[in-house]
């Protein structure tokens, strides 16, 4: 069963690194570094592409907010 997509980033940030959260995190890192395309990462890590995209979007949003607070 796939977790609610919007909960994965929250679990990552709170340290609840379930195997599914770890897979989505690894997939997003591999996409960002150019190792895999979105579909390749989804197939390799066996997670929905939608989960990866949502995780990456929430991570980027967090980075923007966090960086604004530092300035």
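From the list 34, 15, exactly one residue is at pLDDT 85 or above and in a loop (DSSP other than H, G, I, E, B). Which is it?
Result of the check over 34, 15: 34.
Cβ-Cβ below 7 Å, separation at least six or inter-chain, first residue in the stretch 15-39 and more than 17 Å from residue 50 (Cβ to Cβ), second modelled with pLDDT under 95: which pairs?
18/11
The values are calculated or read from the model by the stated rules, or taken from the named source; none is laboratory data. Just so you know, these numbers come straight off a predicted model, no measurement behind them. Neighbour counts are summed over all protein chains in view; Cβ atoms, including those assigned to glycine, are modelled from backbone coordinates with ideal geometry.
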